[in-house]
1. Which residue is modelled with the lowest pLDDT, if the candidates are limited to region 45-85 and must be under 28 Å from residue 245 (Cα atoms), open to solvent by 40 Å² or more (accessible area, probe 1.4 Å) and aliphatic (A, V, I, L, M)?
2. Just to verify a result, which residue in region 8-25, among those that are among the hydroxyl-bearing types (Ser, Thr, Tyr) and part of a strand (DSSP E or B), is nearest to the chain's Cα centre (by Cα)?
3. If we keep just the residues of region 134-160 that are among the acidic types (Asp, Glu) and surrounded by fewer than 20 Cβ atoms within 10 Å (Cβ to Cβ), which is farthest from residue 3 (Cα to Cα)?
4. In region 109-131, which residues are over 19 Å from residue 64 (Cα atoms) and open to solvent by 20 Å² or more (accessible area, probe 1.4 Å)?
5. Filter region 217-247 down to the residues that are exposed (fewer than 13 other Cβ atoms within 10 Å of the Cβ) and either more than 22 Å from residue 198 (Cα to Cα) or β-branched (Val, Ile, Thr) (or both) and list them by number.
6. List every residue pair whose Cβ atoms sit under 6 Å apart, with the two residues 6 or more apart in sequence or on different chains, where the first one lies in region 31-49 and is touching a residue at least 12 places away in the same chain (Cβ under 8 Å) and closer than 14 Å to residue 202 by Cα and the second, anywhere, is polar (S, T, N, Q) and not in a loop (DSSP other than H, G, I, E, B).
7. Can you tell me which of (1) of a type outside the set (Val, Ile, Thr); (2) under 15 Å from the mean Cα position of the chain (by Cα); (3) surrounded by fewer than 22 Cβ atoms within 10 Å (Cβ to Cβ); (4) more than 24 Å from residue 245 (Cβ to Cβ) is the one residue 185 doesn't meet?
8. Quick one: in region 86-114, which of the residues that are modelled with pLDDT of 95 or more and charged (D, E, K, R) is farthest from the chain's Cα centre (by Cα)?
Amino acid sequence: MTKIFEGVCTALVTPFSNGSVDLKALGRLIETQDPVQALLILGTTGEAASLTDKERDDIISWTIKRTDKPVIVGASGNSIDKVLGMVRQAKRLGANAVLVTPPYYIRGTQDGIVEWFKEIGKVGIPVIVYNIPGRAGVNIAPETMAQICKDKAVVGIKESSGNIEQIADVLRLCPDTPVYCGDDAFSLPCYAMGSSGVISVASNAKPAEVVSVWETKAAEIYLEQLPFYRSLFDEVNPVPIKKVLSDMGLIKNEVRAPLTVLV
């Protein structure tokens, strides 16, 4: 299986200015990301659920034109038709892969989740399966993940269950599928178990530092950064990281409702 990336993928924020998507600020942010191996747009950190189809189109096109790194596009929802539309949009605009959760809120059965990903795999763009039970409302069991990964369209797993034992089981049961840590605070333990990298919030602000943990696997570097990783979830993501990036002068400290800014 060809990996979309190995190492660090930054889950980019979506900058706003006076209520509108700020593409110039997104461009500035992309310019800081030279150390990382890939970019994810329109994920949880990118406030994808608050964006229009036109905004999604603009962000995907803008990002692909401004980087030679693999670009992964978040494409999640609870309507299969709407999600398939997002997946086709990403394919049409030239993305390298899509990142897809189970249908949130509905809390589908494990068999239903397998069928969900089968439909998405038919579009013909590589798929990274995103397990995030805290937001989707349902956990993809490791045994279910192993079934999903039989589909040739599936090229990776983003594991954000927060459960080290589950992550270990996913790595054990899906040995031929790259597994990416979905939480910076779990990155080094996941590397020790054989994960293929991290999809990172922290690397929005500290790309070189996050990459250094991946490259060195050094506990002292990881432990030094751990308080910063944890601080990014003192409030709902991406509220804290947007405050950090605003303090750095890269973007405005602006989010969309129902989120509120951190001051």
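The values are calculated or read from the model by the stated rules, or taken from the named source; none is laboratory data. In this text the structure is predicted, and so the values were computed from the model without any measurement. Note that each Cβ is placed from the backbone with ideal geometry, even for glycine, and that neighbours are counted across all protein chains shown. For the accessible areas, the whole protein counts, side chains as well, though only heavy atoms, and no ligand, DNA or RNA atoms are used. Shrake-Rupley method; radii C 1.70, N 1.55, O 1.52, S 1.80 Å.
1. If we take residues in region 45-85 being under 28 Å from residue 245 (Cα atoms), open to solvent by 40 Å² or more (accessible area, probe 1.4 Å) and aliphatic (A, V, I, L, M), then 49 is modelled with the lowest pLDDT.
2. Looking at the filtered set, the residue picked out is 10.
3. 143
4. 109, 110, 111, 112, 115, 116, 118, 119, 122, 123
5. Matches in region 217-247: 247 only.
6. Final answer for the pair search is 33/10; 36/10; 36/203; 39/10.
7. Every listed condition holds for residue 185 apart from (4).
8. The qualifying residue farthest from the chain's Cα centre (by Cα) is 111.
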